[in-house]
Amino acid sequence: MNAFVVVLAGALLAATQATAAIRGVVLSGDGKPVAHAQVSAYAVEDSLDRMARILAGRARPSIAKTTSADDGSFALDANGSGVIDVGVTAPDFVPLFSAAVLGDDDVMLELSRPRPSEWRVRSAAGPQRGARAIVMTVDGEYETTSDTTGAFSISIPEHVAELMVVADGFTPAVVSPSMPNVSHEIVLDRGVMLHGEVVGPDGSAVVSARISINNIPMATTAANGTFTVAHAPQNPYLIEADAGNLGGSVAGALTPMRIVAHRRVALTGVVRDAQKHPLRGLAIAAVPERSNAWERGSITDGAYFYDSSPAPPANGQGPVRAAGGP
């Protein structure tokens, strides 16, 4: 019998209650109120779902919107309890995204002035026009497009981990702007054609498995379990197949590729606060003994499904923790 423990942070429990609003103020870096800023609430996304949406060019759907008043104050009404992401945009400021607890009435969102850096995108054929340059923060993203010379200008906060450049016919390029000596010339590569198949432990085809390369979703298996990636990275460090309760991975790229998807450890449940309200947007971490943590975010009604490809510990025991709060 599996034994698990769900632990919730006390600060989060105290903040969620039955209230479903977030109230706060939008300020500039010098402490002045920012009026007429667009403030939006978003559901917390699974990392691969988020990446798939970004690559498809789909806007992130909001669950609530409002505009800051003359004194910078705002109130967002969103159903439920737990954690959501809040995004703020205003003319002459860099977009800001931050996690917030539903029910919090003292949220301060401080916007910064643009400090654009200059970049250039090219391929072997020359400057790449129309490439999407996407700044990816922990809680949101914003983007611009390269011009006819392949140049683009964008403000990148110091804490941002990734800048991703995407163009049709090329493999996505990801750089870390905070790393020292990062080149501001991004060279796109057409990559390689990658063919493969995903099968279960019994050798049967696994249908509709999502194929991710270096944590970027790039293909889905067909009815016969096969997949093709037209522009795969030439030297991938990890290729994964995700099909619900089946999953598998391989290191490096061999084509044709065969990924065996094994049945995963699966946990389901509902995360609630002390008043029995379901909590949305929390990170669920399963921590078996002598193993690393795995995470899966809780969904809108507080329900979660956790899965992991590695085998469970021999005794089948380990704690599960829900860590909440921005």
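What follows is calculated from the coordinates using simple rules that are stated; it is not laboratory data. As the structure is a prediction and not an experimental result, all values here were calculated from the model. Cβ placement follows ideal geometry from the backbone for every residue including glycine, while neighbour counts extend to all protein chains displayed.
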Legend entry - For Ala205, net neighbour charge (Lys/Arg +1, Asp/Glu -1) across residues whose Cβ lies under 14 Å away: -1
Inset, instruction - Would you mind checking which residues have amide H under 5 Å from Leu102's amide H? H placed 1.01 Å from N; only 5 or more apart, or other chain. - result: Gly82, Val83, Ile84
Legend entry - Neighbour-count ranking [beta-carbon atoms within 10 angstrom, fewest first] of His231, His195: His195, His231
Legend entry - Where labels lie 7 Å past Cα in the beta-carbon direction, separation of Val250 and Thr268 in nm: 3.2
Inset, instruction - Please give the FRET efficiency for Arg258 paired with Glu110, using the beta carbon to beta carbon distance and R0 = 45 Å, rounded to the nearest 0.05. - result: 0.30
Legend entry - Note, ³J(HN,Hα) from phi for the range 205-220, Karplus 6.51, -1.76, 1.60, rounded to Hz, x at Gly and Pro: 5, 9, 8, 6, 6, 7, 9, 10, 10, 6, 6, 10, x, 9, 6, 9
Inset, instruction - With θ set to phi - 60°, apply the Karplus curve 6.51 cos²θ - 1.76 cosθ + 1.60 along the range 169-179 and write out the HN-Hα couplings as whole Hz, x wherever there is a Gly or Pro. - result: x, 10, 6, x, 10, 10, 10, 10, x, 7, 6
Inset, instruction - Using R₀ = 30 Å, calculate the FRET efficiency as 1/(1 + (r/R₀)^6) where r is the Cβ-Cβ separation of Asp168 and His195; round to 0.05. - result: 0.90
Legend entry - P(r), alpha carbons of the range 81-180 - 5 Å bins starting at zero, rounded %: 3, 11, 20, 21, 17, 12, 8, 5, 3, 1, 0
Inset, instruction - Please compute the net charge surrounding Pro127, taking Lys and Arg as +1 and Asp and Glu as -1 over other residues with Cβ under 13 Å from its Cβ. - result: +1
Inset, instruction - With θ set to phi - 60°, apply the Karplus curve 6.51 cos²θ - 1.76 cosθ + 1.60 along the range 191-198 and write out the HN-Hα couplings as whole Hz, x wherever there is a Gly or Pro. - result: x, 10, 7, 10, 10, x, 9, 10
Legend entry - Relative contact order (%) - the range 192-247, alpha-carbon pairs under 8 angstrom, separation at least six: 40
Inset, instruction - Scan around Val265 for amide H atoms under 5 Å from its own, H built in the peptide plane at 1.01 Å from N, and keep only partners 5 or more places away or cross-chain. - result: Ser308
Inset, instruction - Considering only DSSP beta bridges where both residues belong to the range 10-111, give the percentage that are antiparallel (nearest 5). - result: 80
Inset, instruction - First select every other residue whose beta carbon is under 14 angstrom from the beta carbon of Ser112; then total the charges, Lys and Arg +1, Asp and Glu -1. - result: -1
Inset, instruction - Please give the length that would be gained between Glu158 and Ser178 if that part of the chain were fully extended, namely 0.36 nm times their separation in residues minus their C-alpha to C-alpha distance (nm, one decimal). - result: 6.5 nm
Inset, instruction - Return the Cα extents of the range 126-232 along principal axes one, two and three, sorted largest first, each rounded to a whole Å. - result: 50, 32, 23
Legend entry - Theoretical FRET efficiency, 1/(1+(r/R0)^6), r = Cβ-Cβ of Ala124 and Ala56, R0 35 Å, to 0.05: 0.85
